[in-house]
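The values are calculated or read from the model by the stated rules, or taken from the named source; none is laboratory data. All of these numbers come straight from a predicted model, not from anything done at the bench. Heads up, the Cβs are rebuilt from the backbone with ideal geometry, glycines too, and the neighbour counts pull from every protein chain shown. Accessible surface areas use protein heavy atoms only, side chains included; no ligands, DNA or RNA. Shrake-Rupley method; radii C 1.70, N 1.55, O 1.52, S 1.80 Å.
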Amino acid sequence: MGPASLDFIGVTKRYGAVTAVDDVSFRCEAGSLTTLLGPSGCGKTTTLRMIAGLELASEGRILIDGKDVTHLSAAERDVTMVFQSYALFPHMNVLDNVMYGPRSSGIGKAQAAEMAREKLGLLGLSGYDTRLPSELSGGQQQRVAVARALVLEPSILLFDEPLSNLDARLRRKVREDIRALQKDLGLTVVYVTHDQEEALAVSDEVIVMSNARIAQKASPRELWNAPANLFVADFIGDANVVDGTIASVAGDTAVLDLAGASVEAPARGLAPGPVKVALRPDALRLAPLAASDAGGLTGTVRTASYLGKHMEYEIETPLGELFVVAPADGDEVGAGAEVRLLPKGHGIAVIPQ
Amino acid sequence: MPRRSKARHRPPTDRIAMIDRFPVILAAAGLIGPAALAYHADDGTRLAGALAAGHAAPALGCLALVLAAGASFAGAQRASALFGAVGGMLALVAMILAGFFPALAAGIGFADNEVGRPIGPGAGILALALVALFAGAIARFGAFRNDRFVSVSVITIGTLVVLFVFWPVLRMLSEAFQGESEARAAVFLDRLLQGDIWSLACLWSTARCGVAPNTVILGILAAFFSTTLALGLALLAVRTNVRFPRAFDALAILPIITPPFVIGLALIVLFGRTGLVTGALWDWFGIPRSRWLYGLPGVLLAQVLSQVPLSFLILVGSLKALSPTLEEAAQTLRATRTRILMTVTLPLLLPAIANTYLLAFVESLADFGNPLVLGGNFEVLSTKIFFAVVGAQHEPGRAAVLAMVLLAFTLAAFLLQMRLLANASFVTVSGKGDSGVPAALPKGLPAGLWSVIIPWIGLTIAVYSIVLIGGFVKDIGRFDMTPTLDHLRTGFLVEWTDNGLFWAGSAWDSFWTTVLVSAAAAPLTAIIGLLTAYVLARQKFHGRRSLEFLTMLSFAIPGTVIGVAYILAFNVPPVEITGTGFILIACFVFRNMPVGVRAGIAALSQIDPSLDEASATLRARTGRTLVAVVLPLMKPAIVATLIFSFVHAMTAVSAIIFLVTARYNMATAYIVGRVEAGEYSLAIAYCAFMIVFMIVAIATIRLLVGEARLGRRGSEAIAAGGH
Ligand SMILES: Nc1ncnc2c1ncn2[C@@H]1O[C@H](COP(=O)(O)OP(=O)(O)OP(=O)(O)O)[C@@H](O)[C@H]1O
Ligand SMILES: [Mg+2]
């Protein structure tokens, strides 16, 4: 049996008075990688643990491959998990750790060892069989944890912030490895992170959570270009959220009036009228105030920070203070300068309310 | 298509459809047990006899077991669970009715007489099987989050704790209200409001105080002195650069393996009217011999001597756990050494100090051996209880009232301690080893401490020297130091005869009984204690707090109280076990179980719960997780619990002095007998023999269980935090 789909139907989890997950419904397709993304305490880990069966839902139903598993314990679900702390058994060597799953399922020693060696090989860990977890580097420990979770070929594989104990450089490589493995083996993966770059980079779909509820579920591209609400617009990519007006709509394109400046953006089915608009930090270009092409916004630079590959500005405009990122290509301006901000033609989205 | 191995192993959901061996095994045990062993203890009737006599309880029990097992064989798991839950429940209710409410049971035809009959081991096995059957069955219906292992563990442990802790105490309380008169409250109040319990006359006259004030005053003083000395010792050990010799560690364990009254005995030899020091003082300085030792001073001295090492261990641990960063911060704020000690170190240590104090207080209240040996006319509750039971006028009702008073004191201290520990969270013990240098002690303090501590250490060494050599000289009481093996020979002579070894010594009987009972109790204590720790620390279920409270409660019950409670509860049907070895084992298991629970909870808090969870997601049921993952990581706690319960069983006096019989005499009871007969040398020789034996036993336990193998960075790997 291959990878399975996952359905949450109206799932709620309460801890006493705290509602950690509130009436959440979603579906993950078989063979896809879905990330749960959100600020601290929004209920990501709790959601993941309910998929694993480590917490039982207070309300609602959980289906794996269409079968109701709501009341099954972790040991009875075909789901494995890579823990944030890896949770390798410190008193067992690498091989015994990876063999643990098959042995618990009643598979004979020889066959379990063979299954374990296969997965260890897949993760480039052949030859480490007799090492104890304490004798491995953080990256190696992480791969042992992945091998251990893979060896049972679960319907669903879960990751809880798997990269948080790795250094920044290793993080990028490991996340690519996980994505490649997921695609090669066609696994259904649910992945928790609070790093949005990581989420956008590896996912087929991202579920943004906020206050125990789902704020938006979409592909990375859609999430960026068409945030469903203020929270998502604000949370993803540091967008500036400003007040504007839809002046007119032609087909799929709306013409917006932003404090007098006229810009175009996808209409997303909205009618003319006042609207909230998300401006990505890189949606605007800085030009000298004297430039002939009028339009855009004028503003005064409050702060300018040099970050090597780009500049970050805070600019006072009629729309309010805007956060703008521009290439550090030698045309930087300093604090106090008067500038004109021109739309680049992307990175502006109206937010449906 | 991605690569996948050929065999897909999918045990999960279809397990439920397989034959479930659990009810089958229980049925086998529950039927074979009473078939082979007595169902009724009085006439030895087995299961067949009980069924033939038409008793409802065994019949219902057999029916429930057979139906549950049969349904499981047939693959009907839900039916099996239904039979287990309903049938098991009904059978247990019938057993409880027949056992505890015989009059009522006889009325509805459940029992054949109105006074009830003692149950035998067979009935005990049947009852346990039914409890497990019932617990396993209700887990199928969603109890304990469907986790049968947890369900069976919690319900079985709960039943046993209720039977062996809660019920005896309850039984004892009810005894306090029973007397000649029908007016229960009057009987109780009359017993309670006696002058010899509450009188405070000693405060203003030469008359004696009641036992309750005596006990409390002794407890307060013993706790004060032992905590103060231990704190001084701990400051010297941790905060000065004196290297305490390694022998010091051994000294710390000695009091744990010495029978509690031995120190009192050694003090008599040193300071009694004819003691070594007393004699020397008379000979050299003309200080007259006196009986000052017998009474409050002697008991206090003995209790402080035995309590200091334990308090020292606790305080050293807390002192080491204090992060030096805080003291460094104070130093950078220009605080003087004295100011740092008074405003940072001691306040942070305060919860630990208070905890040590309360622990010493409870220990003093519960102590029976030293007041018995040294008390003289100074009576405390524990000895008074003892004499009310074994004395000339056998007064169980009065003993029960005294026991209630004692229990009230220890419970109050215990509850205070619980609150204190609950609020003590600001003593942060971070897993990360904070580096930093703790502040030095104020100038002059170390010297002052040494001047008190050195004589104290000298006294401790003198006391233990007496214990170690006293048995091997002719008469240490009269300072006749001619070496001899006579005393050892009297107690522990082994002869070769034609029929093989002959244990000729007079002490062998009690010694072997003690060893056997202790060796049987230790693993049981470890299993029950650590299992309880596991379900308390790692599982969520309704009634978790009550179970925790019940297990901790038995910690607060002094041995004398348990002793009285046991003889009152267990020398009548249905569980009539006084005079058997079983009651001794049960007594030790449930008295020492809280230590296992605490050690287990402490060990589990060091083990990242995601290890258990990882095991669960890898298809391991709770039982396997416990055996394969948790227990190997808890080895130090297992060793500690085994050692503690074994040693405590070997050296306990207070509870078992009520429970021993001629057939099952225990070493400590035998030694107390020798002391009362004035045979000090034999008593001391016996103690020395036991101490040596226990040291060997401890080394053996360490060797057998071994240490956890975790590699060089092991401790980090276990403690690696979760979220
Ligand atoms: N065992 C528990 N008891 C009580 N409340 C809990 C428990 N576990 C989680 N919570 C609460 O539920 C909410 C969601 O917690 P959760 O661990 O799912 O957050 P998260 O999204 O994973 O956060 P983070 O990114 O910080 O890990 C939080 O408010 C948390 O305090
Ligand atoms: Mg989390």
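Elements of the type helices (runs of 4 or more DSSP H) sitting completely within segment A:101-186 and holding at least 2 residues that are open to solvent by 60 Å² or more (accessible area, probe 1.4 Å) and within 11 Å of another protein chain (Cβ to nearest Cβ): these cover A:109-122, A:168-185. Evaluation of A:ASP234 against the conditions (1) more than 16 Å from ligand 1 (Cβ to nearest atom); (2) buried (at least 24 other Cβ atoms within 10 Å of the Cβ); (3) more than 14 Å from chain B (Cβ to nearest Cβ) shows that the sole unmet condition is (2). Among the criteria (1) at pLDDT 80 or above; (2) farther than 23 Å from B:ALA222 by Cα; (3) open to solvent by less than 40 Å² (accessible area, probe 1.4 Å), the one B:GLY279 does not fulfil is (1). Scanning segment A:301-353 for residues that are in contact with a Ser or Thr (Cβ under 9 Å, 6 or more places away or on another chain), modelled with pLDDT of 90 or more and open to solvent by 30 Å² or more (accessible area, probe 1.4 Å) yields A:GLU312, A:GLU314, A:GLU316. A residue that is in contact (Cβ under 8 Å) with a residue 40 or more places away in the chain and of a type in the set (D, E, K, R) cannot be found anywhere in segment B:624-631. Anything in segment A:1-38 that is open to solvent by 10 Å² or more (accessible area, probe 1.4 Å), near ligand 1 (Cβ under 7 Å from one of its atoms) and touching a residue at least 12 places away in the same chain (Cβ under 8 Å)? List them, or say none. Answer for segment A:1-38, where residues must be open to solvent by 10 Å² or more (accessible area, probe 1.4 Å), near ligand 1 (Cβ under 7 Å from one of its atoms) and touching a residue at least 12 places away in the same chain (Cβ under 8 Å): just A:ALA20. Please work out if A:GLY43 is in contact with a strand residue (DSSP E or B) (Cβ under 7 Å, 6 or more places away or on another chain) and either outside the structural domain of A:GLN182 (by TED's automatic domain parsing) or more than 15 Å from ligand 1 (Cβ to nearest atom) (or both). Judged against the criteria, A:GLY43 is not a match.
Any residue at all in segment A:194-205 that is within 14 Å of chain B (Cβ to nearest Cβ), within 16 Å of ligand 1 (Cβ to nearest atom) and within 12 Å of the chain's Cα centre (by Cα)? Yes, because at least one residue in segment A:194-205 is within 14 Å of chain B (Cβ to nearest Cβ), within 16 Å of ligand 1 (Cβ to nearest atom) and within 12 Å of the chain's Cα centre (by Cα).
A single member of B:ILE256, B:ILE287 is out of contact with any Asp or Glu (no Cβ under 9 Å at 6 or more places or on another chain) and part of a loop (DSSP other than H, G, I, E, B), and it is B:ILE287.
Yes or no, residue by residue, for (1) assigned by TED's automatic domain parsing to the domain that holds B:LEU37; (2) under 36 Å from the mean Cα position of the chain (by Cα); (3) modelled with pLDDT of 90 or more; (4) surrounded by fewer than 22 Cβ atoms within 10 Å (Cβ to Cβ):
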residue	(1), (2), (3), (4)
B:ALA53	yes, no, no, yes
B:LEU63	yes, no, yes, yes
B:GLN77	yes, no, no, yes
B:PRO102	yes, yes, no, yes
B:ALA106	yes, no, no, yes
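Quick grid of which residues meet (1) within 14 Å of chain A (Cβ to nearest Cβ); (2) open to solvent by less than 40 Å² (accessible area, probe 1.4 Å); (3) over 18 Å from the mean Cα position of the chain (by Cα):
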| residue | (1), (2), (3) |
| --- | --- |
| B:THR551 | no, yes, no |
| B:ASN571 | no, no, yes |
| B:THR578 | no, no, yes |
| B:GLY581 | no, yes, no |
| B:VAL589 | no, yes, no |
| B:PRO594 | no, yes, no |
| B:ILE601 | no, no, no |
| B:THR617 | yes, yes, yes |
| B:ARG621 | yes, no, yes |
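Of all the residues in segment B:661-671, those that are modelled with pLDDT of 85 or more and either within 30 Å of B:ALA602 (Cβ to Cβ) or hydrophobic (A, V, I, L, M, F, W, C) (or both) number 5.
Among strands (runs of 3 or more DSSP E) entirely within segment A:22-100, having at least 3 residues that are in contact with a helix residue (DSSP H, G or I) (Cβ under 9 Å, 6 or more places away or on another chain) and within 16 Å of ligand 2 (Cβ to nearest atom) singles out A:33-37.
Does A:GLY66 qualify as being assigned by TED's automatic domain parsing to the domain that holds A:GLY139 and more than 23 Å from A:SER210 (Cβ to Cβ)? Criteria met by A:GLY66. Within the set B:LEU611, B:LEU642, the sole residue that is modelled with pLDDT under 90, part of a helix (DSSP H, G or I), assigned by TED's automatic domain parsing to the domain that holds B:LEU704 and touching a helix residue (DSSP H, G or I) at 6+ places or on another chain (Cβ under 9 Å) turns out to be B:LEU642.
Looking only at segment B:124-142, filter to residues that are open to solvent by 30 Å² or more (accessible area, probe 1.4 Å) and over 18 Å from B:ILE32 (Cα atoms); which one of those is farthest from the other protein chains (Cβ to nearest Cβ)? Explain how you work it out, then say what you get.
Taking segment B:124-142 first, the residues open to solvent by 30 Å² or more (accessible area, probe 1.4 Å) are B:125, B:128, B:134, B:138, B:140-142.
Pick out the ones that are also over 18 Å from B:ILE32 (Cα atoms) and you get B:134, B:138, B:140-142.
Working: B:PHE134: 20, B:ILE138: 14, B:ARG140: 11, B:PHE141: 11, B:GLY142: 7 Å.
Looking at residues that are open to solvent by 30 Å² or more (accessible area, probe 1.4 Å) and over 18 Å from B:ILE32 (Cα atoms), I get B:PHE134.
Could you tell me whether any residue of segment A:65-80 is away from ligand 1 (no atom under 12 Å from the Cβ), more than 10 Å from chain B (Cβ to nearest Cβ) and closer than 23 Å to A:LYS183 by Cβ? Yes.
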